[in-house]
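A short reminder: the numbers here are calculations on the coordinates, not readings from a lab. Quick caveat, the model's predicted, so the values are computed rather than measured. Every residue, glycine as well, gets a Cβ built from its backbone with ideal geometry; the counts of neighbours run over all protein chains shown.
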Amino acid sequence: MESEQLEQVKKEIASLIEAYFEIGKSKDLSSLSRFFGPTYDFTKFDESPPYTRQSAEDAFVYEQARFANISDYEYSVEDLRVDVFGTTAVATFCLTFKGVFVNDYAFEGSTVGGRSRVTMVFGKYGEEWRLVHHHASRFPPGDRQPKG
């Protein structure tokens, strides 16, 4: 892959990552499914329950619930690195987020937030990049890793 093509792919992946987390602000949950690769290719490990490996269907349900129930959502992607290997792209970064998780059934909310290490693996399907693996793990409490 030529240098110019490589830079274009890196920008495309960075834009996908931003668009993915923007769903937490826009609440455009119907667009969430366009990020995921085919069911047979997708897996996820998350820092929130359930702590088991999630399939595409499970991850889609949990992400919808997470993005639907958070208000005043803010996030920042820091120290983004994208490595491209043919039809696979690996993005690693730190995600800082905060918001209010709203429990509609109890009419209450609680402040949430944190800083996580994230890996997102994308596969090329035709002309589109799709998320095929997502792994998030929080920094330990009190860990003051440098930002960026």
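Compute the helix-to-body angle for 56-68: its Cα long axis versus the longest principal axis of the chain, expressed 0 to 90° and rounded to tens. Tilt of helix 56-68: around 50 degrees.
Working out 0.36 nm times the residue gap between Ser15 and Thr52, then minus their Cα-Cα distance, what length gain in nm do you get to one decimal?
Taking Ser15 through Thr52 to full extension adds about 10.5 nm, to one decimal.
Every Cα-Cα pair in segment 3-138 was counted, and those over 25 Å apart are 24% of them. Relative to the longest principal axis of the Cα atoms of the chain, helix 3-26 runs at roughly 20 degrees. Summarising the amide proton neighbourhood of Glu47: residues at separation of 5 or more, or on other chains, whose placed amide H is nearer than 5 Å comprise Ala136.
How many Lys pairs in the chain lie less than 17 angstrom apart by Cα atoms, where the lysines are 8 or more positions apart or on different chains? Spell out each step's value before the answer.
On the way: Lys10/Lys124; Lys11/Lys124; Lys25/Lys98; Lys27/Lys98; Lys98/Lys147.
Lysine pairs, 8 or more places apart or on different chains, close enough: 5.
Springs join every pair of Cα atoms under 10 Å in this Gaussian network model of the chain, and among Gly114, Gly123, Gly37 the largest mean-square fluctuation is at Gly114.
Calculated FRET efficiency, Val112 and Gln8, Cβ-Cβ r, R0 35 Å, to nearest 0.05? Once rounded, the FRET efficiency stands at 0.50. Here each label is just a point 7 Å from Cα along the line to Cβ, and for Glu78 and Phe139 those points are 0.5 nm apart.
Per residue, the chain reaches -8500 deg cm²/dmol at 222 nm when only DSSP H runs of four or more residues are counted, each adding -39500 (n - 2.57).
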